[in-house]
Structure formats: structure tokens, C-alpha cells
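Here's the structure, in C-alpha cells; my notes come after.
The values are calculated or read from the model by the stated rules, or taken from the named source; none is laboratory data. The structure presented is a predicted model; accordingly, all values stated were derived computationally and were not measured. Here the Cβ is made from the backbone with ideal geometry for all residues, glycine too, and neighbour counts use every protein chain on show.
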Amino acid sequence: MSVFAPAYWVHRRAEMRGDSIAIITKQKKITYLQLDKRVHMLALAFRRALGLRKGDRVAFLGYNSPAYVETIAAASADGIIAVPLSYRLEAKELNFQIKDSGAKVVFTDEAFLQLAEKACKGEKSVRIIPNSQKANEMNYDGLIEYGKKSLMDSTINYLPKVENGDVPLLIVYTSGTTGRPKGAVITNSNMFWNAINDILGLGITYRDTTLTLLPMFHLGGINLFTFPTLLAGGTVVLPEKFDVQTTLSMIEKEKVSIVFGVPTMYQALLEDKRFHTADLTSVRIFYSGGAPLPVSLAEQYRARGLPIVQGMGLTETSPTAFLSDIRDAYTRVGSVGKPSLFCQAKVVDEAGKKLEANERGEILISGPDVFKGYWKKDEETRKVLKGGWLHTGDIGYRDEEGYWYVIDRKKDMINSGGEKVYPSEVEEVLRMNSKVHEVAVIGVPDEKWGEVPKAIVIPKEGEKLSREELSRFCEGRLAKFKRPKYYAFVKAIPITASGKVVKKELAARYGQPKDEEQA
């Protein structure tokens, strides 16, 4: 079996120290030996009970669970491709991803069985397999039992050999914030090099216990830092989904040392009373990604003595691209750190010319963690991988010391009378107002300037805000052309599972050049 395959990592860790704990859930602890056996039994069931072969696709619709980990690892053993599905989507949206990927099997939690059935309606070639506690031939545990019997058959090989690390392992659909989702193809090799970058960048070892807060239908849930931790021989704490009280309890109980989350999760923890008294001393680093980490939020964690840093990556980089060193937690606020060890980056202008330090342009990335391409979309793949570099669509720069800063998405930039306005810069200023809970800035049409900024603001509970108050607040903090011309005061801002604001939805709701107040 290829050393790049996660099934190999689990198997070797089981051989080296099988009694070590691999996964902890609310209900149980699973050793590497137990995990290895279940992965192998499932791989055998894929082959013999389901008739799956190299290149076939299996989808998973459910909460974070050991079964999710087992499915991905088992798929890697035979060159099968796993397709994580978001339970936040509607049946019609899921149907598109199931059909587009050509999935033959959909594993689903019982909680999402009806959703899976609706999503697969009319797809006669797709088999739905529930993840049930009671084994029978039609559910997940039944497959494990089938594999157990096959494992005792001496006439079959323990596992087939998949030597090529470039074999696809995942099709991860992008969030679709700017259009119909595209399936990013992640190979076994991509998974391996992402894990190596994380292990070396964060110093993850067998002594570490990491906490997975992002859903595993997102690549951040899979690779930040679930599978890197398993390669390192550490322990993964795996709650079903994010919950403030569960998060704090598991950090205390399991002595978690590394936490990965998105800013909205860290904000939710901060706003809970228990956060300020909980014993979080075991955590050596809180890591943030998915969206810019607000400076004010980072400062509140640091004031409590909790080092928090941010990195940067994309689904297309598996996802790690930039990592911050824990030693810079208190000195490089706002930076995403430096390119990970096996990753290169540069900044270019619109003509593709490489820019120097402090010059702003599009960030391009190359390295073995960069994805294979978009599933069945050759033209879009060629565009995004032009010249052998991944064109991220992110605008940023590096300073003289090599620290990188991401300003905004290229597509989100507002062109106001020829001046460039980056929404994230305006958002950061507005967040400094003590009455602002959250904010997002979009561009709206303007007869004179072409586009002007409009701020969509969630006031803090019990607070009242007006456009006049925020306009005065921006004076002296932002150039006049950067100040929002319009404001909308709302109760909620749509975000993806990775914490990104859905700007397309905001534009559809609030894209008119006028002030608005939600009733």
C-alpha cells in the first residue's frame, strides 16, 4: 500500500503502538489497533460486499464520527474516492453533488436518512447505507461485520496495494458562495504533504491531543488537524458538531493541546461565561482559519493568556498554505505567518509580474499539497492552475521579514472611482466600535463613483446603532472613499461552515444603494 494513503498511517501506528488512543468521542475511546481493524474490515466490505473498485465514489452525509474517519481511510486503501456531503444543504443541492460526482454509495447518519433519500430520489444506481448502532446487512455496522468475516478468509489479501500517491482520495465541493459548487479533487499525496506541513509547522507529535471542531464535510474538519494528528500518532477528540459547552468540557477532560476553529467559533466561546473560568491550560495553541481573525478577538484571547494565531489556506491547497509560529502569537497580529515548509508563494500584479515586499497583488501558491484540479472541469482547472501556480483569488502582500498578510478576496474588492477599497479593512475598523457584534461590507452601485461600500451590521445585544454614529466613528480611521455610504442593521449575516461570509447572498439581500433596518 502507498505510504501516502491514510490507511497506511493508521496501520503502521497500530503496529508501532496499538494501545495508544486514536480517537475520543463523547461515548468512547478507540485505540489505533481498533481503528486499524475497522478500517481494514470496511475496506474489504467495500470490495466484496459493495463491489467497489479503484476510482469508484462513495459519499458520506453525517456528523463528525469515527465512521467518517474510517470511510476516508478505507477508501484510500483501494483507490476509492470519498465525497463528503454537507448536511446543511437542501436535497436539491445534495442531488447535484451526488450526480456530479457519480457516487455509487451514500453513507448517512440516521438523522439525515430522509434528507439522503430525497437527495437520491430518481437515482436508481445509488445505494443508501445508514450508520446505525445495530448491525444488519443494510447498514454501516453490517458492512463492518461482513468485513470481519472476510478478514478471516485466508484466501484473500489483507489489503491491496495502491502504490501511486497521485490517486484521487477526496472530491470536496467548494462552498459555492460565488456560483455552483465545484468538486476539488484531493489526492492521497495531497493529504500526506498537508499533514507533513502541519506536523512540522505546529510540532504535532504523538503526545498531542487535538480537537476537531469543523464539520468533516469541510476539508478543514478532515485535515485541520484530524488526519495529520493520526499520522503523528496523536489523539483526535471528535465531537459530533460544535457546541460551546461540549468544547470547553472536552478541552478540560481530555487535556486538549491544539484547537482549530474559525473566528465565529472563537467568538462564541468568548461570549460564554464558562470560558473565563474553564481550565484551558493544556492548550498550547488555538489556531484560526477559514476567515480573517479579528484583531480585537485575538487580543481578548491573549489577554486571558491564551495564544491564538491564524493561518491561511484553501480547499485547493488541502488546505494548509500559510502557518503562523506560536512564537509570533503576541507580536505579529494580523499576519497569517509564512508559507508552510513544502509550499511556495508569490504575489503578482494583474499582468502576472512578481511583486516585491509590501506591494499588494494576487497570492499564487505552488507545492505538493496543491490539488489535482476540479472534477470534470478541465477548463476551470487550467485557469486556476495557470503556469503551474494556483491562482488563489486572494489579495495580499508580504513584509520585509517574510510575514504574509491577506487583505481580501479579489472578487470582493470594491472599485470606487478608481480607488481600491478592501472590505476586510473597513470591517476591521467597524468591529472596533464597542456596540458592533459583527459586520460585513459589500459594494453597491453608485452613479458618481461606480461602486461605494455598504456595511451590513449586527449590533450587540441590547445596543442601538445608527448610520450617523458609525459614520462619525469612521472619521479619522478610514479615508473618505473607504467609509460606508450606506448601512443595513440586521440580526444575522449568512456564513458558510468554514466561517466565511456568503457575500453573494448579502449582495442579493442588501445590494441596493440605500440604508436599511431589519424589523
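Assessment of the stretch 280-289 against the conditions (over 30 Å from residue 34 (Cα atoms), in the same structural domain as residue 214 (by TED's automatic domain parsing) and touching a Leu at 6+ places or on another chain (Cβ under 7 Å)) yields at least one matching residue. Take the conditions under 26 Å from residue 428 (Cβ atoms) and either aromatic (Phe, Trp, Tyr) or crowded, with 20+ Cβ neighbours inside 10 Å (or both) and apply them to residue 334. Does it pass? In short, no.
Of all residue pairs spaced 6 or more apart or on separate chains, those with beta-carbon atoms under 6 Å, a first member in the stretch 487-502 that is in a loop (DSSP other than H, G, I, E, B) and a second member that is small (Gly, Ala, Ser) are 493/440; 496/175; 498/220; 498/290; 499/290; 499/291; 500/291. The lone criterion from (1) in a helix (DSSP H, G or I); (2) within 20 Å of residue 153 (Cα to Cα); (3) not aliphatic (A, V, I, L, M) left unmet by residue 53 is number (1).
Do any strands (runs of 3 or more DSSP E) entirely within the stretch 153-221 hold 3 or more residues that are at pLDDT below 95, and if so, which? Can you show your working first?
Values: elements: 168-173, 183-187, 209-212.
Passing ranges: none, list empty.
Assessment of the stretch 282-291 against the conditions (at pLDDT below 95 and over 21 Å from the mean Cα position of the chain (by Cα)) yields no matching residue. Would you check which residues across the stretch 256-266 are in contact (Cβ under 8 Å) with a residue 60 or more places away in the chain and assigned to a helix (DSSP H, G or I) and list them? Result: 263, 264, 265.
Of the candidates 132, 125, the single residue that is under 24 Å from residue 34 (Cβ atoms) and surrounded by fewer than 17 Cβ atoms within 10 Å (Cβ to Cβ) is 132.
Yes or no: residue 377 in contact (Cβ under 8 Å) with a residue 60 or more places away in the chain and surrounded by fewer than 17 Cβ atoms within 10 Å (Cβ to Cβ)? Give the derivation first.
Details: in contact (Cβ under 8 Å) with a residue 60 or more places away in the chain: yes; surrounded by fewer than 17 Cβ atoms within 10 Å (Cβ to Cβ): yes.
Yes: the conditions hold for residue 377.
In the stretch 386-395, the qualifying residues are those that are under 20 Å from the mean Cα position of the chain (by Cα) and of a type outside the set (Asp, Glu), and the one that is surrounded by the fewest Cβ atoms within 10 Å (Cβ to Cβ) is 393.
For the stretch 405-453, how many residues meet the condition of being more than 26 Å from the chain's Cα centre (by Cα), polar (S, T, N, Q) and closer than 29 Å to residue 268 by Cβ? Going through the stretch 405-453 one residue at a time, the tally reaches 2.
For beta carbons closer than 9 Å, sequence separation of 6+ or different chains, a first residue in the stretch 176-191 that is assigned by TED's automatic domain parsing to the domain that holds residue 77 and closer than 20 Å to residue 93 by Cβ and a second that is small (Gly, Ala, Ser) and modelled with pLDDT under 95, the qualifying pairs are 181/175; 182/176.
Have a look at 208, 198 and point out the one that is charged (D, E, K, R) and touching a residue at least 60 places away in the same chain (Cβ under 8 Å). Break it down stepwise before answering.
On the way: 208 fails: touching a residue at least 60 places away in the same chain (Cβ under 8 Å).
Matching residue, one of 208, 198: 198.
In this structure, does residue 491 turn out to be over 30 Å from residue 319 (Cβ atoms) and surrounded by fewer than 16 Cβ atoms within 10 Å (Cβ to Cβ)? Judged against the criteria, residue 491 is a match. Restricting 98, 72 to those that are at pLDDT 95 or above, buried (at least 19 other Cβ atoms within 10 Å of the Cβ), farther than 30 Å from residue 32 by Cα and in contact with a strand residue (DSSP E or B) (Cβ under 7 Å, 6 or more places away or on another chain) reduces the list to 98. Take the conditions (1) farther than 29 Å from residue 102 by Cβ; (2) modelled with pLDDT of 95 or more; residue 395 misses just one of them, which is (2). If the condition is being in a loop (DSSP other than H, G, I, E, B) and either of a type in the set (Ser, Thr, Tyr) or touching a Pro at 6+ places or on another chain (Cβ under 8 Å) (or both), then the stretch 335-366 contributes 335, 340, 342.
Exactly one residue out of 346, 354, 376 is over 24 Å from the mean Cα position of the chain (by Cα), modelled with pLDDT of 95 or more, within 30 Å of residue 189 (Cβ to Cβ) and not aliphatic (A, V, I, L, M), and it is 354.
Being assigned by TED's automatic domain parsing to the domain that holds residue 329 and closer than 27 Å to residue 348 by Cα holds for only one residue in 452, 406, and it is 406.
Of the residues that make up the stretch 235-255, is at least one assigned to a loop (DSSP other than H, G, I, E, B), closer than 21 Å to residue 325 by Cα and more than 16 Å from the chain's Cα centre (by Cα)?
Here is the first cut: in the stretch 235-255, the residues assigned to a loop (DSSP other than H, G, I, E, B) are 238-243, 255.
After this cut, where a residue has to be closer than 21 Å to residue 325 by Cα as well, the list is none.
No; the residues of the stretch 235-255 include none that is assigned to a loop (DSSP other than H, G, I, E, B), closer than 21 Å to residue 325 by Cα and more than 16 Å from the chain's Cα centre (by Cα).
Could you tell me which of the residues 398, 382 is assigned by TED's automatic domain parsing to the domain that holds residue 347, buried (at least 19 other Cβ atoms within 10 Å of the Cβ) and over 23 Å from the mean Cα position of the chain (by Cα)? Please lay out each step first, then the result.
Numbers: 382 fails: buried (at least 19 other Cβ atoms within 10 Å of the Cβ).
From the options 398, 382, the qualifying one is 398.
For residue 272, state whether it is crowded, with 16+ Cβ neighbours inside 10 Å, in contact (Cβ under 8 Å) with a residue 24 or more places away in the chain and of a type in the set (Asp, Glu).
Values: crowded, with 16+ Cβ neighbours inside 10 Å: no; in contact (Cβ under 8 Å) with a residue 24 or more places away in the chain: yes; of a type in the set (Asp, Glu): yes.
The answer is no for residue 272.
Looking across the stretch 315-334, the residues that are in a loop (DSSP other than H, G, I, E, B) and either in the same structural domain as residue 166 (by TED's automatic domain parsing) or under 25 Å from residue 226 (Cβ atoms) (or both) come down to 318, 319, 324, 325, 329. Within the stretch 198-249, the set of residues being among the polar types (S, T, N, Q), more than 22 Å from residue 268 (Cβ to Cβ) and crowded, with 21+ Cβ neighbours inside 10 Å comprises 223, 229, 235.
Residues that are closer than 16 Å to residue 218 by Cα and either touching a helix residue (DSSP H, G or I) at 6+ places or on another chain (Cβ under 7 Å) or not assigned by TED's automatic domain parsing to the domain that holds residue 334 (or both) within the stretch 290-314 comprise 290, 291, listed in sequence order.
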